[in-house]
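Here's the structure we're looking at; comments come further down.
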Amino acid sequence: MVFETIREMIVQCLGCEPERVTPDTIILEDLECGAGELGDVLLALEGEFGVTVPDELPLERMTVAELVRLVEEAE
């Protein structure tokens, strides 16, 4: 359920096709989005789940699975 919600948020923020968003998707690289667009995704994540992404996570290699794990560990 968390994955599906995050996928919908990514699709909505980035305007990409849902089938491009898998757990192994590297958001910046595979979806060809910029840092600002990733920021939009992270803000939506914060608003939906009340979690923040720690500064030590390497955003340039962040996968969808890492976002899911972040949310699940915060619950």
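Could you list, in sequence order, all residues of region 22-40 that are of a type in the set (A, V, I, L, M, F, W, C) and either exposed (fewer than 13 other Cβ atoms within 10 Å of the Cβ) or under 13 Å from PHE3 (Cα atoms) (or both)?
Answer for region 22-40, where residues must be of a type in the set (A, V, I, L, M, F, W, C) and either exposed (fewer than 13 other Cβ atoms within 10 Å of the Cβ) or under 13 Å from PHE3 (Cα atoms) (or both): just ALA35.
So if I check each of LEU43, LEU70, which one is open to solvent by 50 Å² or more (accessible area, probe 1.4 Å) and of a type in the set (A, V, I, L, M)?
LEU43
Please list, ordered by first then second residue, the pairs with beta carbon atoms under 6 Å, 6 or more apart or interchain, first in region 36-49 and without any contact (Cβ under 8 Å) to a residue 40 or more places away in the chain and under 14 Å from LEU70 (Cα atoms), second outside any helix (DSSP H, G or I) and of a type in the set (Val, Ile, Thr).
Taking only residues 6 or more apart or on different chains, the pairs are LEU42/VAL53; GLU46/THR52.
Among the residues of region 54-69, count how many are within 19 Å of VAL11 (Cα to Cα), without any contact (Cβ under 8 Å) to a residue 40 or more places away in the chain and not charged (D, E, K, R).
Selection size over region 54-69: 2.
The values are calculated or read from the model by the stated rules, or taken from the named source; none is laboratory data. From a predicted model like this one, the values you see are computed outputs, not experimental measurements. Ideal geometry is used to build each Cβ from the backbone, glycine not excepted, and the neighbour counts take in all protein chains shown. Protein only, heavy atoms only, side chains kept; ligands, DNA and RNA dropped before computing areas. Shrake-Rupley method; radii C 1.70, N 1.55, O 1.52, S 1.80 Å.
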